[in-house]
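Report on the following structure.
The values are calculated or read from the model by the stated rules, or taken from the named source; none is laboratory data. None of these values were measured; they are calculated from a predicted model. Every residue, glycine as well, gets a Cβ built from its backbone with ideal geometry; the counts of neighbours run over all protein chains shown. With ligands, DNA and RNA removed, areas are computed over all heavy atoms of the protein, side chains included. Shrake-Rupley method; radii C 1.70, N 1.55, O 1.52, S 1.80 Å.
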Amino acid sequence: MTTLTPVLQRRLLLTVGDAIANDGFEETIRLGMGIVRELRDSVARMRREFEDELAQGVEARSFTLSYAPILSAADEYLLSLRGLLKQLSGAEGTKGEGFLAELRLLEKENTAFRDRMAEALSLASKSPGPVDWQRLRQESDADLAAGRFATFESPEDMMKELAGGD
């Protein structure tokens, strides 16, 4: 994913939030809103890339190893974001109200991405169900009887057939 890491996003967001809370100048608020919009767009992009990756199929073990730390970072990021929302909750009815609205949209996007990641990790972490060997044997016998299996005398014969019978 080609986006800011959750750690960098959190630092940037806290810095911007601190600037909004401490000086409240319209220019600072306008710039802060632009940064928050960019962060929200980045999270939306990350979520789309994540969904595309899931749609292509992933191997459960490597997926879990890769995304478990990202989920933890996303949880920490959401805690920071919610803390900033709480800190700025008094901005209702002030110049900072627009910034606060952008923060809420960012929280909503982050929550949706985090929840989807948690759901996918939960599914990937489940152990596979037991194999029904009887059903598998019945299906393979039916496939063999229907001629859906090909048999080869040697590996060379199989390679010839795969190459188009040359």
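Numbers at a glance
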| quantity | calculated |
| --- | --- |
| Kirkwood-type radius of segment 79-166, with distances r between different C-alpha atoms, in Å | 19.4 |
| Segment 63-166 - percent relative contact order, Cα under 8 Å, separation 6 or more | 31 |
| Accessible area (Å², 1.4 Å probe, nearest 10) - Val131 | 80 |
| Loop-exposed GluC sites (Glu not before Pro) per DSSP, neighbour cap 10 Cβ within 10 angstrom, longest uninterrupted part of the chain | 93-152 |
| Prolate/oblate/rounded label for segment 4-90 (Cα gyration tensor, a/c 1.5) | prolate |
| Most mobile of Gln134, Gln56, Gln87 in a GNM of the chain (Cα contacts under 10 Å) | Gln134 |
| Trypsin sites (Lys or Arg not before Pro) restricted to DSSP loop in segment 51-137 with at most 11 other C-beta within 10 Å | Lys126 |
| Rounded accessible area per residue of the chain, 1.4 Å, Å² | 66 |
| Total formal charge among the other residues, if their Cβ is under 15 angstrom from that of Ala60, Lys/Arg +1 and Asp/Glu -1 | -1 |
| Contact order normalised by residue count of segment 1-142, Cα under 8 Å, 6+ apart, percent | 36 |
| Helix-derived mean residue ellipticity, 222 nm - over the chain, DSSP H n ≥ 4, -39500 (n - 2.57), to 500 | -26500 deg cm²/dmol |
| Shape category assigned to segment 27-75 from the gyration tensor of Cα positions, a/c cut at 1.5 | oblate |
